[in-house]
1. If I go through region 135-184 residue by residue, how many of them are free of Cβ contacts under 8 Å to residues at least 24 places away in the same chain, of a type outside the set (D, E, K, R) and over 22 Å from ALA240 (Cβ atoms)?
2. From the list ALA191, ALA262, ALA270, exactly one residue is modelled with pLDDT of 80 or more, surrounded by fewer than 18 Cβ atoms within 10 Å (Cβ to Cβ) and among the hydrophobic types (A, V, I, L, M, F, W, C). Which is it?
3. Could you grab me the full set of residues in region 214-245 that are modelled with pLDDT of 60 or more and open to solvent by 50 Å² or more (accessible area, probe 1.4 Å)?
4. Could you tell me which residue of region 48-80 is nearest to GLN119 (Cα to Cα), considering only residues that are over 17 Å from the mean Cα position of the chain (by Cα) and assigned to a helix (DSSP H, G or I)?
5. Could you check region 162-181 and list, in sequence order, the residues that are over 14 Å from SER43 (Cβ atoms) and assigned to a helix (DSSP H, G or I)?
Amino acid sequence: LERHSRMEQISSMNEISMDLIETNPYQPRTHFDEEALNELADSIKVQGIIQPITVRQIGVNKFQLISGERRLQASKRAGLTSIPAYVRTANDQQMLEMALIENIQRENLNSIEIALSYQRLITECSLKQEELGDRVGKNRTTVNNYIRLLKLPDVIQVALRDMKISMGHARAIINITDREQQLEIFKKIIADDWSVRKVEEAVRDLADSNLVNSAKKAIGGGIKQEIRSLQFRLQAYFGAKVVVKADERGKGEIKIPFTSQADLDKILLAIKA
């Protein structure tokens, strides 16, 4: 009970009036894409806030933003007057780290809650993924798989949070780089009750189709943008760094460097798939 109360003291969740929150003067990011902010605001109107912001209490009914300025600005545009926030009332980073790790060990956390906790450990406690893996007893791949979930569209994160889809579904979808294609697969999962295996097959078919189309465009047009697109898709497909070079005549090479036997095994497995 004592450890739990200490955790609540360090970082509790509250709904805070946005009038009481001041921005962080040390915020390194000064420009936010207007279109992206409006899209996030529209999402918040429908889905609400998925990832709470983090603030520091600096006085009576006075808070300073630590992280989440994009979410704060978009929430204002969405017409919200309050926002869910993690409130830091202590500065001891080691205690915060311990509290977050203790929170992760709870058995009833869903995948998104675990991912958010991992992300907070990285951003607020300045941990690298390898260090985080050591702290929570997971390998780097497992940690990365959870954190990647936070890159999915909000509607998919909500479905995962509400257990309408499984972690397996989400891990398959995240391998698709195109947002619209991600949403299309997601709609089919919900409408047709697709199994994880069915989603994995659809994703592989989609990746094959995208690779072929990108290769044709790159070789036929000799356009640098198409080469970059092909390189990006290959990297997503193999889960490894890929270098693609081609000249105007369509001659070139594809390199897939690897740094360990595990990396090589992963590339070979993707080729055989």
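1. 1
2. Of the residues listed, the single one that is modelled with pLDDT of 80 or more, surrounded by fewer than 18 Cβ atoms within 10 Å (Cβ to Cβ) and among the hydrophobic types (A, V, I, L, M, F, W, C) is ALA191.
3. LYS224, GLN225, ARG228, GLN231, PHE232, ARG233, GLN235, TYR237, LYS241, LYS245
4. For region 48-80, the residue satisfying everything is LEU72.
5. Answer for region 162-181, where residues must be over 14 Å from SER43 (Cβ atoms) and assigned to a helix (DSSP H, G or I): MET167, GLY168, HIS169, ALA170, ARG171, ALA172, ILE173, GLU180, GLN181.
The values are calculated or read from the model by the stated rules, or taken from the named source; none is laboratory data. Note that this is a predicted model, so its numbers are computed, not measured. Neighbour counts run over all protein chains shown; Cβ positions are idealised from the backbone, glycine included. These accessible areas exclude ligands, DNA and RNA; they are computed on the full protein's heavy atoms, side chains included. Shrake-Rupley method; radii C 1.70, N 1.55, O 1.52, S 1.80 Å.
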